[in-house]
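Values in this text are rule-based calculations from the coordinates and carry no lab data. These numbers were taken from a predicted model, which means no experiment stands behind them. Using ideal geometry, Cβ is built from the backbone for each residue, glycine included, and neighbour counts are taken over all protein chains shown.
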Amino acid sequence: MSVLALAGRPLVALASYAVELAALLGCAVPATWRGLSRPAVRAVTVRQILFTGVEAVPLALLVALAAATALSVLSSFLGGVSLAGDFLVVLAFREIGPLGAAIIVVARSGTAMAAELGAMRVSGEVEALEGMGVDPLEYLVAPRLAGAAVALAALTVLAVAGIVLAAALLGAALEGRSAGELLRASVLSIGGLDLLSVAAKALLPGGLVAAVACREGLAVSAATDVPRAVRRAAVGGLVAVMAWNLLVTALLPRR
Amino acid sequence: MAGEVFTIRVEGGELLVLEGAGLAVRAALLRAAAGLLPPRAGRLRVLGQDPAALPRAAREALAARLGYLPRRGELVSNISLEANLLLPLRYHRRLALSEARRQGALAAARFGLAWPLPAALPAEVPPGVHRRVALARAVVLSPELLLLEGFTDDLSRPDAAALCAAVREWARERGAALLAATDDPSLAGRLGARRQLLEA
């Protein structure tokens, strides 16, 4: 077998998976719109936002604190407060904040969605819904996509703010810097590209993570497939998030 | 069941119980009637329409005129009993919670359920309560045709008798047709239904 064939097969599989996800996302948008008028669907969406967003707040703050500790130590090697502010903003806004929040959503919610939908598929609940005329795309998939998108956007804002604030406070406590000065330098350093980067990395990945999880969960056909679906949802979600973040970073100009 | 074609006809207000032919065949027939499985041969008309030939919105409207109770997986496992019962009202009819609860309470009472329902998930209640909620959910939209698959098979005799009486009474009052499939030879008698033996 040629090297081209060896490399080509996984690439084709990856491309076909990406097309499948894009199709799922494409179908979920009108389904979300239709579902907005149905109280039953709105209730699932709200539950999803609570589970994926609100219940993840303590973990997001913990991750923000851990990231802030590392950034604070690293920024101590930089000379001026202004440079430290730039460093903090670039890393918190553009890379660590969005990535940390997305990893939390993959680990907590992507895996839970895949397990939940897989179990529902195996137990016949999905078919029972279809028998009642309830569209699984509208009732199960669209609320998870919308809920995860909203929740990840909110968690990203929280993580970014938490990292900047905690890094300023840690800088004051550990390095004897003025927390107020570092915060002021950070706020002044925020530019349009930083906001664009955080928006791009906060808005789409929630839907992507949920799309991967729903795709894997609903593809389950036997109880023994559920653990595999959870693993695929975790790995697929991480790969999708990292690929998207890499793409945004590559496309956006440097400072 | 490849290649098997059955002639089954249920008129409005008629109760019919399918027996014989094996679990898989009976389940497939009910799933076909519920629009879940397009027949590979023959002709299927449900309430005068062919589910497989309908566009999405019309198929959804047809499904709302049916009540379907599969043998397993009747209730959504991650929402409360009440949310399960109100699901068709809140999905198809888009009812506000207060009105949905009013109609849900009527359906629940029909199957001997006290209102409000216990604040529990389906897995946390006994099979008899589970099945009552599932039946109440199947009739909460007042369907013209009720499809029931082995709905008494795993219940105690008193539970089964009580549910059969409630279903029979509901169908009589509503003037609805009923198509049930079972292994239980006494079900047709309990429901006062015509029986049809399927021969594979």
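Quick notes on this one:
- Test for A:A107: is it at the interface with another protein chain (Cβ under 7 Å from one of its Cβ atoms) and either crowded, with 24+ Cβ neighbours inside 10 Å or under 27 Å from A:T249 (Cβ atoms) (or both): no
- Of A:L129, A:L137, A:L155, A:L117, all but one fail to be assigned to a helix (DSSP H, G or I) and farther than 30 Å from B:R59 by Cα; the exception is A:L155.
- Residue that is buried (at least 19 other Cβ atoms within 10 Å of the Cβ), within 19 Å of A:A128 (Cα to Cα) and not aromatic (F, W, Y), where the choices are B:L163, B:L146, B:L117, B:L113: B:L146
- Residue match in the stretch B:48-56 (condition: within 11 Å of chain A (Cβ to nearest Cβ), within 15 Å of the chain's Cα centre (by Cα), crowded, with 20+ Cβ neighbours inside 10 Å and at negative phi): no
- Every residue from the stretch B:116-155 that is over 27 Å from B:A61 (Cβ atoms), in contact (Cβ under 8 Å) with a residue 12 or more places away in the chain and assigned to a loop (DSSP other than H, G, I, E, B): B:P116, B:L117, B:P118, B:A119, B:A120, B:L121, B:V125, B:G150, B:T152, B:D153, B:D154, B:L155
- Selection from the stretch A:220-255 of residues that are in contact with a Gly (Cβ under 8 Å, 6 or more places away or on another chain), not charged (D, E, K, R) and not in a helix (DSSP H, G or I): A:V220
- Residue check, A:R228 touching a helix residue (DSSP H, G or I) at 6+ places or on another chain (Cβ under 7 Å), basic (K, R) and either under 30 Å from A:L165 (Cβ atoms) or surrounded by fewer than 23 Cβ atoms within 10 Å (Cβ to Cβ) (or both): no
- The set of residues from the stretch A:229-250 being more than 13 Å from A:E95 (Cβ to Cβ) and in contact (Cβ under 8 Å) with a residue 12 or more places away in the chain comprises A:A229, A:V230, A:R232, A:A233, A:A234, A:G236, A:G237, A:L238, A:A240.
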